[in-house]
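A.B. asks: One structure coming up, written as structure tokens, with questions to follow.
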Amino acid sequence: MAEPLLKVEGLTRYFDVSKPWLNRVIEREAKQWLTATADVSFEIARGETFALVGESGSGKSTIAKMIVGLLEPSAGRIVFDGQEMDFASGREMRALRKRFQMIFQDPFASLNPRWRVGDIIAEPIRTFGLMSGAEVGREVGRLLEVVGLGAADALKFPHEFSGGQRQRIAIARALSSKPEFIVCDEPTSALDVSVQAQILNLMRDLQDEFGLTYLLISHDLSVVRHMSNRIGVLYLGRLVEIADGRKLFSDPGHPYSRMLLDAVPDLTLSGRRRRQVEGEIPNPIDPPPGCAFHPRCPHAFDRCRAEIPQPKRRGTGEVACFAVEEGKI
Amino acid sequence: MPEPLLSVRDLVVEFPTRRGVLRAIDKVSFDIAEGEVLGMVGESGAGKSITGAAIIGLIEPPGRIAGGEIRLKGERIDSLSPETMRRVRGRRIGMVFQDPLTSLNPLYTVAQQLIETIRTHLDVSDKEARARAVALLDRVGIPAAARRIDDYPHHFSGGMRQRVVIALALCAEPELVIADEPTTALDVSVQAQIIDVLKEICAERGASVMLITHDMGVIAETADRVAVLYAGRLAEIGPVRDVIQAAEHPYTQGLMGSIPTLAQEHDRLVQIPGSMPRLNAIPPGCAFNPRCEQAFERCFRDRPEPLPRGGGRQVACWLYDRAGVAHG
Ligand SMILES: Nc1ncnc2c1ncn2[C@@H]1O[C@H](COP(=O)(O)OP(=O)(O)O)[C@@H](O)[C@H]1O
Ligand SMILES: Nc1ncnc2c1ncn2[C@@H]1O[C@H](COP(=O)(O)OP(=O)(O)O)[C@@H](O)[C@H]1O
Ligand code: SF4
Ligand code: SF4
Ligand SMILES: [Mg+2]
Ligand SMILES: [Mg+2]
């Protein structure tokens with residue numbers, strides 16, 4: 001395999017969720033830590049779409065923020081195009097930042113309401129000193145057209161646009177520094193399905209046109225299946241499975257992946273009887289010992305309560321499960 | 001044909017604003033039969049919640065029902081006094097909203113809220129009410145219900161809270177349950193559990209359900225019939241299987257094509273251009289005409305009313321009005 005564009009190794013992030021110091025002293029409580037992301041490793045090849053899927057709180061956004069440099073990892077490494085990200089070096093981070101961008105779920109919150117659309121899109125161009133003078137305006141107009149809006153829209157403010165149009169603006173902004181890699185965190189979760197289809201189609205067109213690599217983050221399995229070459233499934237901050245897109249849906253390996261697939265409502269009216277889904281996601285501050293999925297897992301056995309399963313090869317992917325490892329399922 | 005449990009005829013809901021009157025629901029008609037689950041879908045702002053709110057008499061003033069009628073078992077409920085309507089709600093119509101905390105009072109235990117609701121509407125003793133409440137909590141899947149019933153709402157997880165709300169909606173044995181996006185705030189694995197519980201428990205008790213959601217997959221698995229709303233108007237209504245597998249209204253067709261599914265691979269999703277108009281910018285004629293690839297002259301002039309298409313189906317689109325096309 002060629003050198004991956006992005007390589008993530010043992011990525012881990014803790015958050016301090018302790019009560020204020022005084023309360024802790026009075027109530028005699030120790031500091032409390034929440035593990036948002038634990039020991040996550042994966043690679044993304046140039047030009048592919050790699051997806052992270054998981055329910056809320058599984059650590060998707062935390063991983064996204066670390067990769068784009070908005071949040072420092074507690075442990076682990078991020079290697080972009082052969083170069084390890086060094087959070088301590090401002091200059092290095094800045095040079096890297098130009099090469100990747102991020103699109104967020106809420107296009108309203110991510111666009112400054114007081115700026116004109118033209119200035120929003122031009123900001124990365126100016127920050128990185130890519131162009132100057134009238135050239136910037138022409139580039140902004142071109143980008144607006146690339147995402148299906150008009151050059152004249154540069155003079156308007158974000159509130160004059162619908163949710164879908166605002167997401168197009170966010171995409172134009174992300175494209176303006178000519179990045180190779182875009183992290184898309186729930187890019188269509190706030191949109192209606194007909195508008196979601198427009199944005200997903202646009203993302204694919206842009207990928208073909210500019211050879212972009214995507215990390216797509218979503219809780220929606222159908223969106224992930226439609227968009228991705230490979231998929232990582234997260235549960236309580238850990239990757240439980242990595243699989244080729246098609247394979248995950250035809251032959252899921254991890255019991256949690258199976259449960260998630262069973263839970264998706266069936267639009268095709270196949271009359272498929274789904275297995276009953278058990279339980280809810282436990283509190284991440286105090287996760288179950290061993291495999292965090294064991295209280296909900298129909299295949300759990302003694303070992304699952306004592307040890308944390310590590311990812312092991314399965315076909316072209318990886319699964320972190322003792323029952324799979326020992327050939328029990 | 002037996003009388004429907006709920007009948008909505010030419011419902012109009014308006015919101016007066018400084019810049020004129022906004023018509024959020026514009027002559028919407030549909031029935032719900034006894035024991036039936038009617039799904040109501042549409043994009044955000046289509047008027048799903050307002051339709052539900054109109055039925056239970058909870059349109060916030062200055063918004064008002066400006067036309068049409070709503071009947072429950074033949075009896076009009078759209079013009080009752082607030083006091084009478086309060087009794088209809090709870091006793092005859094139960095409600096489940098997206099956020100369970102809109103239905104639960106954080107200051108009272110689950111037991112207090114269930115028992116109070118049961119005793120307000122049904123003539124039973126305190127002891128009997130408690131026994132019923134525990135049985136119902138157990139039925140909706142609260143583990144150790146007899147003990148958990150004395151907990152406060154915040155002691156329950158999001159999924160468990162929504163189960164409590166379902167118990168609360170059903171405890172006075174209503175004939176109809178209106179569930180507005182009951183699983184939208186929940187994770188997929190919990191969503192499936194809640195939908196199953198809601199469906200089963202209403203079926204057991206013979207309660208009809210109006211299930212409001214933007215999620216076609218949930219409708220497909222749950223509803224008997226589905227109504228598709230667009231810009232405050234009914235675009236299409238019919239048996240779920242027919243509408244999902246062979247949509248007739250161009251909007252429904254586009255909507256179905258735009259949903260990625262797990263079953264098939266699509267190269268590109270069907271794309272409806274533009275977005276639903278705001279209420280102050282609904283075009284004359286068919287509200288969908290700016291986005292419709294099949295629009296023709298008549299669509300820009302006259303508004304299509306739902307036309308019967310056989311098999312209990314109705315479609316509001318001029319493409320299906322043969323006589324009209326011939327004349328136009
Ligand atoms: N700044 C923070 N402080 C404390 N906890 C956080 C913070 N950010 C995220 N978390 C916690 O980390 C976990 C993962 O969150 P997140 O990455 O946002 O998940 P996802 O995007 O999959 O929903 C959650 O339990 C969340 O509450
Ligand atoms: N209090 C209000 N004042 C003015 N317009 C309102 C009010 N409540 C709802 N609307 C409008 O009515 C329309 C239908 O809203 P709603 O029924 O909530 O849509 P949804 O289908 O998403 O549930 C929307 O365009 C909304 O903006
Ligand atoms: S390791 Fe054990 S508990 Fe975890 S998913 Fe596998 S079988 Fe289930
Ligand atoms: S009435 Fe005309 S514009 Fe409306 S959906 Fe039918 S063909 Fe399209
Ligand atoms: Mg997130
Ligand atoms: Mg609504």
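A.B. asks: Among the candidates B:175, B:200, B:221, B:181, which residue alone is in contact with an Asp or Glu (Cβ under 9 Å, 6 or more places away or on another chain), within 12 Å of chain A (Cβ to nearest Cβ), over 20 Å from residue A:281 (Cβ atoms) and open to solvent by 10 Å² or more (accessible area, probe 1.4 Å)?
C.D. replies: Working: B:175 fails: within 12 Å of chain A (Cβ to nearest Cβ); B:200 fails: in contact with an Asp or Glu (Cβ under 9 Å, 6 or more places away or on another chain); B:181 fails: within 12 Å of chain A (Cβ to nearest Cβ).
It is B:221.
A.B. asks: Here is a further query. In the stretch B:203-215, how many residues are open to solvent by 10 Å² or more (accessible area, probe 1.4 Å) and either within 13 Å of chain A (Cβ to nearest Cβ) or touching a strand residue (DSSP E or B) at 6+ places or on another chain (Cβ under 6 Å) (or both)?
C.D. replies: 2
A.B. asks: What is the residue count in the stretch A:151-210 for residues that are away from chain B (no Cβ under 14 Å), buried (at least 23 other Cβ atoms within 10 Å of the Cβ) and within 16 Å of ligand 1 (Cβ to nearest atom)?
C.D. replies: Qualifying residue count for the region: 2.
A.B. asks: Can you name every residue in the stretch B:257-275 that is more than 7 Å from every other protein chain (Cβ to nearest Cβ), under 24 Å from residue B:319 (Cβ atoms) and open to solvent by 30 Å² or more (accessible area, probe 1.4 Å)?
C.D. replies: Once the filter is applied, which keeps residues that are more than 7 Å from every other protein chain (Cβ to nearest Cβ), under 24 Å from residue B:319 (Cβ atoms) and open to solvent by 30 Å² or more (accessible area, probe 1.4 Å), the stretch B:257-275 yields B:273, B:274.
A.B. asks: Okay, moving on. Determine the pairs where a residue that is open to solvent by 30 Å² or more (accessible area, probe 1.4 Å), located within the stretch B:112-132, has a partner that is among the hydroxyl-bearing types (Ser, Thr, Tyr) with Cβ atoms under 9 Å apart, the partner being 6 or more residues away or on another chain.
C.D. replies: That search, which allows pairs on different chains as well, returns B:116/B:108; B:119/B:125.
To keep it simple, each residue is scored yes or no on (1) open to solvent by 10 Å² or more (accessible area, probe 1.4 Å); (2) closer than 17 Å to residue B:265 by Cα; (3) within 16 Å of ligand 5 (Cβ to nearest atom).
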| site | (1), (2), (3) |
| --- | --- |
| A:216 | no, no, yes |
| A:236 | yes, no, yes |
| A:242 | yes, no, no |
| A:249 | yes, yes, no |
| A:257 | no, no, no |
| A:280 | yes, no, no |
| A:291 | yes, no, no |
| A:299 | yes, no, no |
| A:322 | no, no, no |
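A.B. asks: While we're looking at this one, here's another question. Do we have any residue at all in the stretch A:266-277 that's in contact (Cβ under 8 Å) with a residue 40 or more places away in the chain and either hydroxyl-bearing (Ser, Thr, Tyr) or closer than 16 Å to residue A:54 by Cα (or both)?
C.D. replies: no
A.B. asks: For the stretch B:282-303, give me the residue count where each residue is open to solvent by less than 60 Å² (accessible area, probe 1.4 Å) and closer than 27 Å to residue A:201 by Cβ.
C.D. replies: Number satisfying all stated conditions: 10.
A.B. asks: So residue B:76 passes all but one of these: (1) touching a residue at least 12 places away in the same chain (Cβ under 8 Å); (2) loosely packed, with under 15 Cβ neighbours inside 10 Å. Which condition number does it fail?
C.D. replies: Failed condition: (1).
A.B. asks: What about residue A:285, is it more than 13 Å from chain B (Cβ to nearest Cβ), touching a strand residue (DSSP E or B) at 6+ places or on another chain (Cβ under 7 Å), part of a strand (DSSP E or B) and over 18 Å from residue B:187 (Cα atoms)?
C.D. replies: No.
A.B. asks: Would you confirm, using the coordinates I've provided, whether residue A:314 is within 27 Å of the chain's Cα centre (by Cα), closer than 16 Å to residue A:241 by Cβ, open to solvent by 30 Å² or more (accessible area, probe 1.4 Å) and of a type in the set (Lys, Arg)?
C.D. replies: yes
Quick grid of which residues meet (1) open to solvent by less than 40 Å² (accessible area, probe 1.4 Å); (2) touching a Gly at 6+ places or on another chain (Cβ under 9 Å):
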| site | (1), (2) |
| --- | --- |
| A:3 | no, yes |
| A:6 | yes, no |
| A:16 | no, no |
| A:36 | yes, yes |
| A:39 | no, yes |
| A:50 | yes, yes |
| A:60 | yes, yes |
| A:70 | no, no |
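A.B. asks: Any idea which residue in the stretch A:48-65 is farthest from ligand 1 (Cβ to nearest atom), counting only those that are under 23 Å from residue A:286 (Cβ atoms) and in a helix (DSSP H, G or I)?
C.D. replies: If we take residues in the stretch A:48-65 being under 23 Å from residue A:286 (Cβ atoms) and in a helix (DSSP H, G or I), then A:63 is farthest from ligand 1 (Cβ to nearest atom).
A.B. asks: Which numbered condition trips up residue A:293, out of (1) of a type in the set (A, V, I, L, M, F, W, C); (2) closer than 28 Å to residue B:141 by Cα; (3) in contact with an Asp or Glu (Cβ under 8 Å, 6 or more places away or on another chain)?
C.D. replies: If we test residue A:293 against (1) of a type in the set (A, V, I, L, M, F, W, C); (2) closer than 28 Å to residue B:141 by Cα; (3) in contact with an Asp or Glu (Cβ under 8 Å, 6 or more places away or on another chain), just (3) comes out false.
A.B. asks: Do we find that residue A:228 is open to solvent by 10 Å² or more (accessible area, probe 1.4 Å), within 29 Å of residue A:298 (Cα to Cα) and hydroxyl-bearing (Ser, Thr, Tyr) in this structure?
C.D. replies: Spelling it out, residue A:228 is indeed open to solvent by 10 Å² or more (accessible area, probe 1.4 Å), within 29 Å of residue A:298 (Cα to Cα) and hydroxyl-bearing (Ser, Thr, Tyr).
A.B. asks: Right, another one. In the stretch B:186-231, what count of residues is obtained for those that are within 16 Å of ligand 6 (Cβ to nearest atom) and not β-branched (Val, Ile, Thr)?
C.D. replies: Counting residues in the stretch B:186-231 that are within 16 Å of ligand 6 (Cβ to nearest atom) and not β-branched (Val, Ile, Thr) gives 10.
The values are calculated or read from the model by the stated rules, or taken from the named source; none is laboratory data. Owing to the predicted nature of the structure, the values given are computational and were not obtained by experimental measurement. With ideal geometry, Cβ positions are generated from the backbone for all residues, glycine too; neighbour counts draw on all protein chains shown. SASA here: full protein model, heavy atoms, side chains in, ligands and nucleic acids out. Shrake-Rupley method; radii C 1.70, N 1.55, O 1.52, S 1.80 Å.
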